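Note sheet for the following structure.
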Amino acid sequence: MKRMQMTDDKLNYSAPALEKGLDILELLANAGQPMGTRQIAEELGRSKNEIFRMVHVLLARGYIQRDEGGEGLMLSNKLFGLGMQTARARDLVSTAAPIVERFAEEVHQAAHLVVAHRGETVIIAAASGGADMNFSLKLGYRRPLADAHSGLVLMAFQPKPVRDRMIAECLMLMREPPDPTTLAAELDAVRERGAIIHESRDIIGVTDVVCPIIAGDGRAVACVTVAAVSRRSAAPNFEAMLARLKLACAEIAHELGG
């Protein structure tokens, strides 16, 4: 068997079809909005026909999807789903899920395990809390990082280069993005406080209680968000809830080796 020759640290062969497919995926990932086939072809400097063939395959395999209007193309959740099948991601979910479930039962509120992905928060595990009525979000729910309390926590506990990249990614997804300088100051304040207790941005009567899961290097690998429902008969003690949540997140971090 002949050894493959290496030139300038690159293999001396290529796979044009694969490269075209990857170019399309990377372009859509960075675009921040749906793109048409003609626009993709122009951006990549390729003919519409060759892009059309590759788009057809990517659609059939579920890596991209059409927007609601049916005209634009955008990434699907398949790549994220594949990423969640890695050993590291499985370890996070398998380690955190029972602890989050136990915590949710203790406070009788729904809790969610959230990670950041390409400028958005993504819910990867959830626990209902066992109460007769709670507020819970479905698995896979996404929201721009800067538009969610969980996203603010995830960005706050990152090294500056990573934080800056996350800010840039999420602002591209927002129709009315906040001022970057103001957002950076808000993240500094979140890091100083160590967590967030704040009324929901959308739902009256729901308070978000959010705490990071900190790895050994000081980064937030995920966070746990409680969507605490306030009832007339018994208003939650949010500070006590946060104290218990911090213990749960510290336990998860310890189990992960943080």
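If you line up the Cα atoms of the stretch 161-233 on their principal axes, what length do they span on each, largest first, in Å?
That works out to 46, 35, 19 Å along the principal axes.
Arrange GLU19, GLU42 by Cβ neighbour counts within 10 Å, fewest through most, would you?
The fewest-first ordering by Cβ neighbours comes to GLU19, GLU42.
What relative contact order, as a whole-number percentage, does the stretch 187-240 give when Cα pairs under 8 Å and 6 or more residues apart are counted? Show your work: numbers first, answer last.
Details: 72 pairs, mean separation 14.4, N = 54.
Worked out over the stretch 187-240, it gives 27 percent.
Toward the positive end of the charge dipole of the stretch 163-202, about the Cα centre and with charges on Cβ (Lys, Arg +1; Asp, Glu -1), which of PRO180, HIS198, ILE167 goes farthest?
Selected residue: ILE167.
Might you report the magnitude of the Cβ-based charge dipole of the stretch 169-224 about its Cα centre, with Lys and Arg at +1 and Asp and Glu at -1, to the nearest 20 debye?
Charge dipole of the stretch 169-224: 140 debye, to the nearest 20.
Of ALA126, GLN109, GLY62, which is farthest towards the positive pole of the chain's charge dipole, taken about the Cα centre with +1 and -1 on the beta-carbons of Lys, Arg and Asp, Glu respectively?
GLY62
Near LYS138, which aspartates and glutamates are there with a Cα under 17 Å away, not counting those fewer than 8 places off in the same chain?
Within the straight-line limit of under 17 Å, LYS138 reaches these aspartates and glutamates: GLU101, GLU120, ASP202, ASP208.
Cβ under 11 Å from ILE51's Cβ, ILE51 left aside: what net charge do those residues give with Lys, Arg +1 and Asp, Glu -1?
Here the count lands on +1.
Can you give me the relative contact order of the chain as a percent, contacts being Cα pairs under 8 Å and 6 or more apart?
After rounding, I find 15 percent.
Mean Kyte-Doolittle of at least 0.5 plus a Cα span of 15 Å or more along the axis: flag which DSSP H helices in the chain meet both, please.
Sorted by number, the helices that extend far enough and score high enough are 16-31, 238-256.
Is the chain best put as rounded, prolate or oblate by its Cα gyration tensor, with a ≥ b ≥ c the root eigenvalues, rounded for a/c under 1.5, and otherwise prolate when a/b is larger than b/c, oblate when not?
Prolate.
Compute a Gaussian network model of the chain, connecting alpha carbons closer than 10 Å, and tell me which residue from ARG219, ARG118, ARG232 fluctuates the most.
The residue with the greatest mean-square fluctuation here is ARG232.
Counting Lys and Arg as +1 and Asp and Glu as -1, what is the net charge of the other residues whose Cβ lies under 11 Å from the Cβ of ASP208? Write down the numbers at each step before the final one.
Numbers: positive: ARG201; negative: GLU199, ASP202.
Net charge in that neighbourhood comes out at -1.
Considering the convex hull of the alpha carbon atoms of the stretch 9-76, report its projected area averaged over all viewing directions, in nm², one decimal.
Seen from a random direction, the Cα hull of the stretch 9-76 projects 5.1 nm² on average.
Within a Cβ distance under 14 Å of GLY140, other residues only, what is the Lys/Arg minus Asp/Glu net charge?
Residues near GLY140 contribute +4 overall.
Please report, in debye to the nearest 20, how large the charge dipole of the chain is about its Cα centre when each Lys and Arg carries +1 at its beta carbon and each Asp and Glu carries -1 there.
720 debye
Any read-out appearing in this document is the output of simple, stated calculations on the displayed coordinates, not a laboratory observation. Owing to the predicted nature of the structure, the values given are computational and were not obtained by experimental measurement. For neighbour counting, all protein chains shown are included, and Cβ atoms are generated from backbone atoms with ideal geometry for every residue, glycine included.
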